[in-house]
Amino acid sequence: MSLPTILGLSITEIIGDVALKTYANDGGLLYLGVGVIGYIGVVILLIINLQDSTILVVNNGWDGTSSILESLYAYFILGERFDNYFQYFGMISIIIGIYLLKIPISKNHPFHIPKNK
């Protein structure tokens, strides 16, 4: 697990989420296809991130980075805002939490395909 692979996992999830939301509300097989492919990517990246790591760190890193990235999207693209300053403090707390997880910048070992038993 590394910061770039956790970010990739979060971005892939966001792409899948946005495509499936569009499909759910407006239809369109293209959006359904992008959503399904996005979630196939999520499964692949989750396997990569879980290799030689723990569910605790991967899940919390994924949730935190996903929350930050989706919040930035909502803030800058959709124009959404929080209702009070405590909510902004909550986002700062998430950023501090990701730092405290000590997610490495690069992986210590290369990915290998698991053996089937």
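No value in this document is a laboratory result; all are computed from the given coordinates. A quick note: this is a predicted structure, and the numbers were derived from the prediction, not measured. Cβ coordinates were reconstructed from backbone atoms using ideal geometry, including for glycine residues, and neighbour counts include every protein chain displayed.
Projected label points at LEU69 and ILE44, each 7 Å from Cα along the beta carbon direction, are separated by 1.5 nanometres. In straight-distance terms, cross-link reach from LYS107 covers every one of the lysines whose alpha-carbon lies under 28 Å from its own, apart from those fewer than eight places away in the same chain; here that gives LYS115, LYS117. Each label was represented as a point 7 Å from its Cα along the Cα-to-Cβ direction; for ASN59 and LYS115 these points are 2.9 nm apart. Within the stretch 1-86, the chymotrypsin sites (Phe, Trp or Tyr not before Pro) that combine a DSSP coil assignment with at most 14 other C-beta atoms in a 10 angstrom radius are PHE82. Helix by helix through the chain, keep the DSSP H runs that span 20 Å or more along the axis on Cα and average at least 1.6 on Kyte-Doolittle, and give those back in order. Correct list, ordered by number: 29-50.
Relative contact order of the stretch 38-117, taken over Cα pairs closer than 8 Å and 6 or more residues apart, is 38 percent.
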